[in-house]
1. Can you list the residues, at least 5 places off or on another chain, whose amide H is less than 5 Å from the amide H of Trp359, using H built in the peptide plane?
2. Calculate, in nm to one decimal, what Ala114 and Gln81 gain on full extension: separation in residues at 0.36 nm each, minus their alpha carbon distance.
3. From largest accessible area down, sort Met272, Met179; use a 1.4 Å probe on the protein chains.
4. Could you give the nm distance between label points at Glu301 and Thr173, where each point is 7 Å from its Cα heading toward the beta carbon?
5. To the nearest 0.05, what FRET efficiency results for Leu99 and His145 with a Förster distance of 25 Å applied to their C-beta separation?
6. What is the extension gain from Ser288 to Gln236, computed as 0.36 nm multiplied by their sequence separation minus the C-alpha to C-alpha distance, in nm to one decimal?
7. Starting from the Cα of Gln121, step 7 Å along the direction of its Cβ; do the same at Ala24; then give the gap between the two resulting points in nm.
8. Can you give me the distance in nm between label points at Ser247 and Ala201, each placed 7 Å from the Cα along the Cα-to-Cβ direction?
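The values are calculated or read from the model by the stated rules, or taken from the named source; none is laboratory data. Quantities reported herein were computed from a predicted structural model and do not represent experimental measurements. Don't worry about glycine lacking a Cβ; one is built from the backbone with ideal geometry, like all the others, and counts go over all protein chains shown. What goes into the accessible areas is simple: the full protein's heavy atoms, side chains included, and nothing from ligands, DNA or RNA. Shrake-Rupley method; radii C 1.70, N 1.55, O 1.52, S 1.80 Å.
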Amino acid sequence: MRSPALLPMHWFHQLRWKLFVSHAIIIVIAIVVLLGAAQILVRSSMLEGAAIAALSGVNDEALALAGETAIQRRFQSVLEQALLLASFGALAAAVVVSLFVSRRIVEPLQDLTAVSRRLAQGYYRDRTFIHSDDELAELSQSINHLAEALDRTEQRRLALIADVAHELRTPLTTIEGYMEGLLDGVIAPDEQTFTLIRHEAARLRRLTEELGLLSRAEAGELRVQPRVFDVCPLLQELVARFQPQFSACEVDLQLRLTVPSLDLYADPDRLMQVMVNLLSNALRYTPSGGLVEVSLTLSGEYARISVRDTGIGIEAEHLPLIFERFYRVDKSRTRHSGGTGIGLTIARHLVYASGGEIWAESDGIGKGATFHVTLPTAIVHQPIRIVVADA
């Protein structure tokens, strides 16, 4: 599942502006200290110079020249003292502001580092708690979203191991029991017995094929060979193939085409694989007397194939997660009520590899569900021909 988008941050909440303001505060403090110290020291120096001139009498020209020299030296001394005080003030302000700012930055970074290390070690329940409104808070939220995703994946992985172990154990136990019965002569070696053993072996084969297909899909090794083809005959063939299964379950299967023909640019074999998975799920979750409708509509340069059923429906909290690997809405461990949560994940990878989208909609429990698949039409990949008129 994708992480939710973060809200845009105001400029005055950004970390770069906070650092700029901290440096500006230091400069302002230094200027204030410099101006204040210079004003106070110059004023006291002028008062001392005036007192000396009054006592000694400024009529003598040599004495006046000496007084001016003394005033210049005094002014230089005052300026140096003012600069020295301003430097110490700026240094003190820099130390205080730096300690405050570094504490607000370094401590959250240390927390983020510690949590990320814990996540790398497999502790997916750890979370960061940073109370701020800057980029560090965004980073903290991103790490928390990552931790939640890793935690969900780990839980589904553990559930998958249990599910796969159960699914393997059930047919293996059945096969082992029947084979022991055949060897001991308790069970007659008739056609029904061998058919049952073959059915259980087929379950094992399908499970191993799904797991292998999932591993290739996750590694991006599924080969998709798109080409231009008419999707209408493919959907008609698909519905005809599934019609006996739906009839046996007393579920009505219908096909609705809004156009007589439509050329897609996709892999027809992979599309058939996706549709088989969607129709199998629709049949599994639609009770007797229900309806499953496959429809084809054109939306701009993309075709939309929808599979709508009147089955048990999907709760809103499950809709964003049903395409994630190992996820199952029904947690029971039976093939009738739900698979291993692999089929929809594979379908998503196949659709994405063909340049399309896949999503699900449902109004809630008991109100059915609709799965939509969009794929590019041949118009998107049609080459542009430039016709040059004769002169």
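1. The answer is His372.
2. On the way: separation 33, 0.36 × 33 = 11.88 nm, distance 4.75 nm.
That works out to 7.1 nm of additional length.
3. Details: Met272 25, Met179 80 Å².
These residues rank, largest area first, as Met179, Met272.
4. Placing both labels 7 Å beyond Cα along the Cβ direction yields 5.5 nm.
5. Numbers: r = 32 Å, r/R0 = 1.27.
Once the sixth-power term is evaluated, E becomes 0.20.
6. Numbers: separation 52, 0.36 × 52 = 18.72 nm, distance 2.27 nm.
Full-extension gain reported as 16.5 nm.
7. Each label point is offset 7 Å from its Cα along the Cβ direction, giving 4.3 nm.
8. 3.1 nm
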